[in-house]
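Notes follow the structure.
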Amino acid sequence: MTMKIISFNIWDLPFLFVKERYKRVGLIAKYLSELDADIICLQESFDVDDRKLIYNFLASKGYYATRGLDKKRLVPFTILDTTGGLVIFSKFKIKEDKFTPFKIFEYSIFEYFGRKGILEAVLETPAGSLYVVNSHLHSGDYNFDQKIRSSQLKRIFEIVSRRKELPAIFTGDLNQHGITDTEDAQLFLENGFIHPVLVKEEIIIPSYRLENPLVNRLRTKKSARLDYIFVKNITKYNFKIDSYSPIHLKPALSDHDPVMLLLSR
C-alpha cells in the first residue's frame, strides 16, 4: 500500500491583483485530478465557486471533501469561504472534520477577513483511522509576525495533542523558512512529529521561489521553504517515508509549489 499526500497553497483569492486566477484554477483542477494523490490539503482556496470546480474534477475520481465546501460569507468588497481558505480532499472516507479559526486580530485587513485557522479531519483508511490537520499561518517577516505565528503554532499543538492515539499528518503553508528550527515547532518534534526532510532530503528545497513568475518579486527577496508536511506515529500502520519534496511545476500554477509526501508499507 502507498499513500500520496499533497499540500498546496493555490493562491485563489478573489482580488484583481492575483495573477491569472481564472486560468490557473482550471489547470489546478486538472493537475490535481491527474496527480491521483490520496490526500490533498489546499490553502488559500477562498473562492467557493472555484473550490467547487476543483471538487467536480476530483469527485469523478472518488474523492470526498471536508464540510463547508460551498458555504459563503460576505466580507467588504467580495465573498469568501467559511473555512479560512482551507479544504481537505480525500480518497478515504471522512469520518469527522472540524474548522477552528485562529484568534482574530486587526493588523492586516487580508488576515482579518481571511479568517485563517485549523482544519482537522479523521480519515478511514485501509490501515486504520488517520488524523489530518491542515493550516495556514500568518505571513510577514517582522518580530510581531513571528509572535503571531508562534501563538498559532501553540494553538495547533493544543488541538493535535488531543488526538495522541492516532497516526497523524500535519500540513500547511506555515509562512516561515526554517520553521523547524523555532522553539514552537520543537513542541511538535519533541512530541512525536517528524519532518521528513530529516529522513529524505539533504537540503531544504524552497517552495516559494524567485524564479516562479507568479511570485511577487517586490515583496520577496529570496526563495524560501514555506510549505511543510509533518507525520506522527505512521509506523503504527507500518508506513515508511519514501519521498518528500516540493514539486517545481512548469508552468507554475500558483506562487507556491505543491509539496508531496509519499508513504509506503
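Any read-out appearing in this document is the output of simple, stated calculations on the displayed coordinates, not a laboratory observation. As the structure is a prediction and not an experimental result, all values here were calculated from the model. Because the Cβ atoms are built from the backbone with ideal geometry, glycine has one as well, and the counts that use them run over all protein chains shown.
Tabulated results
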quantity: Gain on full stretching of the segment that runs from Ser161 to His248 - 0.36 nm per residue minus C-alpha separation; calculated: 28.0 nm
quantity: Residue among Lys98, Lys147, Lys72 with the largest mean-square fluctuation in a Gaussian network model of the chain, springs linking Cα atoms under 10 Å; calculated: Lys147
quantity: Cα centroid separation - region 169-220 against region 41-108, whole Å; calculated: 22 Å
quantity: Candidate lysines for bridging to Lys236, where Cα separation is under 19 Å - those fewer than 8 sequence places away on the same chain excluded; calculated: Lys4, Lys164
quantity: The chain: Cα Rg divided by the 2.2 N^0.38 Å rule of thumb; calculated: 0.93
quantity: Student exercise, the chain dipole from Lys, Arg, Asp, Glu Cβ charges, in Debye to nearest 20; calculated: 340 debye
quantity: Paramagnetic reach from Ser129 in region 144-166 [backbone N under 15 Å; point 7 Å along Cα→Cβ]; calculated: 160-166
quantity: FRET efficiency for Asp70 and Glu190, using Cβ-Cβ distance with R0 set to 51 Å, rounded to 0.05; calculated: 0.80
quantity: Considering only region 2-264, percent of DSSP beta bridges that pair antiparallel, nearest 5; calculated: 80 percent
quantity: Spatially proximal aspartates and glutamates relative to Lys93 (Cα-Cα < 12 Å; intrachain offsets below 8 disregarded); calculated: Asp38, Glu124
quantity: Selected from Val133, Leu189, Ile94, residue furthest toward positive end of dipole (the chain; charges at beta carbon); calculated: Ile94
quantity: Fluctuation leader among Lys71, Lys116, Lys250 - the chain, Gaussian network, Cα springs under 10 angstrom; calculated: Lys250
quantity: Listed residues Ile79, Ile203, Ile54, most fluctuating in the chain (Gaussian network, C-alpha, under 10 Å); calculated: Ile203
quantity: Isotropic mean projected area of the C-alpha convex hull, region 126-182 (nm²); calculated: 4.4 nm²
quantity: Largest to smallest principal axis extent of the C-alpha atoms in region 115-210, angstrom; calculated: 42, 33, 25
